[in-house]
Amino acid sequence: MSDGVFDEDVARSYDADIEHMYAPEVLIPTVDVLSKLSSGGSALEFAIGTGRVAVPLARRGVHVEGIELSAAMADVLREREGGETINVVIGDMATTTVPGAFDLVYLVFNTIGNLTSQDQQTACFVNAARHLKRGGRFVIEVGVPALRRLPPGERFVTFSMSHHYIGVDEYDLVTQSLVSHHLNVDDEGRARSFRTPQRYVWPAELDLMAQISGMRLESRWESWDKTAFTHESEHHVSVWIKP
């Protein structure tokens, strides 16, 4: 099973393409916060991918399970040391369920945007609440839409550029959709490209989805180091609690 984007070719190169997300200054604060929010109990990762976060979180003693739409991504996770012990259910994070109730459900690295309609994103919140114990928390890490960087009449924003990678977001302000264009170039100059369709979503809109699903906002930070969220923040980590 695949979503048509994260097929076997993408899955096999995915970790190399996001190598910067494995940097200790990125990954350690992420795992620190999630471990604390789970109180060392149980956690369910929506769109668990190749296990970048799930495996080190499990090493902290948290019981981690996952939901993943791409079987190819899940296969890479199972090949990772420690990944073979993590139960992964193949399916859509907006509707797929796993047995049990969890202290924490989390969704990182902008993946809420992979659900390309408001109905699907709201269903994701409902599904998170369905899996949480009372007092459990749902965490999302996602970017703030970069619309202030769009000159009048323009639709494209470059969000990353280096010798080996170029990332460009293409916005549609009418439909609140965007397409992220990724171009990766290896040391021999060979280029690979792929696109990820997304729906951008505002923090206040996410709060309303949480309210619909029976949760309320508990915390919002700019980053995993709990820097204060301000009007200049380009990303946020938000925590909703199931009362």
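For every helix of n ≥ 4 consecutive DSSP H residues, a contribution of -39,500 (n - 2.57) applies; sum these over the chain, divide by its total residues, and give [θ] at 222 nm rounded to the nearest 500 deg cm²/dmol.
Values: 6 runs with 64 residues, N = 243.
Result for the chain: -8000 deg cm²/dmol, rounded to the nearest 500.
Taking only protein heavy atoms into account and a 1.4 Å probe, give the accessible area per residue of region 116-243 in Å². Before the final figure, lay out the partial values.
Values: 7060 Å² over 128 residues.
Per-residue accessible area for region 116-243 comes out at 55 Å².
Starting from the Kirkwood radius over alpha-carbon pairs of region 61-110, derive D by Stokes-Einstein at 10 °C in a medium of 1.306 mPa s and give it in µm² s⁻¹.
Reported coefficient: 134 µm²/s.
Would you mind getting the Kirkwood hydrodynamic radius of region 1-57 from its Cα pairs, rounded to one decimal in Å?
Details: mean 1/r = 0.0787 Å⁻¹.
Averaging 1/r across every pair of different Cα atoms and inverting gives 12.7 Å.
Summarise the accessible area of region 1-75 (1.4 Å probe, protein heavy atoms) by the percent that is carbon and sulfur. Don't jump to the answer; show the numbers that get you there.
On the way: 1670 of 3100 Å².
Its accessible area is 54 percent carbon and sulfur atoms.
Please report, to one decimal in angstroms, the Kirkwood hydrodynamic radius of region 108-243 built from all distinct Cα-Cα pairs.
Working: mean 1/r = 0.0615 Å⁻¹.
When all Cα pairs of region 108-243 are included, the Kirkwood radius is 16.3 Å.
Under unit Cβ charges (Lys, Arg +1; Asp, Glu -1), what dipole magnitude, rounded to 20 debye, does the chain have relative to its Cα centre? Could you put the intermediate results ahead of the total?
Working: 22 positive and 34 negative charges, 197 e Å.
Using only the charged Cβ atoms, the result is roughly 940 debye.
Given just the C-alpha atoms of the chain, how large is their convex hull per residue in cubic angstrom? Show your work: numbers first, answer last.
Details: hull volume 30.8 nm³, N = 243.
Taking the convex hull of the Cα positions in the chain, it is 127 Å³ per residue.
So between LEU150 and ILE212, what do we pick up on full extension, going 0.36 nm a residue minus the alpha carbon distance? Numbers along the way, then the final one.
Numbers: separation 62, 0.36 × 62 = 22.32 nm, distance 3.14 nm.
19.2 nm is the gain from fully extending LEU150 to ILE212.
PRE reach from ASP172 (point 7 Å along Cα→Cβ): which of region 181-204 fall under 14 Å by backbone N?
196-200
Please report the base-10 log of the normalised intensity I(q)/I(0) for region 21-86, using a Debye sum with one equal scatterer per alpha carbon and no solvent, at each q in 0.21 (1/Å).
With no solvent term, the Cα-only Debye profile gives -0.81.
Quick check on region 157-221: what are the equivalent-ellipsoid semi-axes from the Cα gyration tensor, as sqrt(5λ), descending, whole Å?
Working: eigenvalues 224, 39, 18 Å².
The answer is 33, 14, 10 Å, longest axis first.
Using θ = phi - 60° and the Karplus form 6.51 cos²θ - 1.76 cosθ + 1.60, what ³J(HN,Hα) does each residue of region 165-176 get, whole Hz, x for Gly and Pro?
Calculated HN-Hα couplings, in order: 8, 10, x, 10, 9, 10, 9, 10, 6, 6, 9, 6 Hz.
Which three lengths, in whole Å and largest first, does region 77-178 cover when its Cα atoms are put on their principal axes?
Sorted largest first, the three principal extents are 49, 33, 23 Å.
Given R₀ = 25 Å, what would the calculated FRET efficiency be for GLU84 paired with VAL26, taking r from the Cβ atoms and rounding to 0.05?
Details: r = 24 Å, r/R0 = 0.98.
So the FRET efficiency works out to roughly 0.55.
Could you compute Rg(Cα) / (2.2 N^0.38 Å) for region 18-153, with N its residue count? Intermediate values should be presented prior to the final figure.
Working: Rg = 15.1 Å, N = 136, 2.2 N^0.38 = 14.2 Å.
Taking the Cα Rg and dividing by 2.2 N^0.38 Å, one obtains 1.06.
Per residue, how many Å² of accessible area does region 1-93 show with a 1.4 Å probe?
Accessible area per residue, region 1-93: 44 Å².
Under the definition of Cα pairs under 8 Å and six or more residues apart, what whole-number percent is the relative contact order of the chain? Walk me through the numbers on the way to the answer.
On the way: 462 pairs, mean separation 40.6, N = 243.
Relative contact order, the chain: 17 percent.
The values are calculated or read from the model by the stated rules, or taken from the named source; none is laboratory data. Since the model is a prediction, treat every value here as computed from it, not as a measurement. Glycine also receives a Cβ, built like all others from the backbone with ideal geometry; neighbour counts cover every protein chain displayed. The protein model used for the area step is the full one, side chains on, heavy atoms only, and it has no ligands, DNA or RNA in it. Shrake-Rupley method; radii C 1.70, N 1.55, O 1.52, S 1.80 Å.
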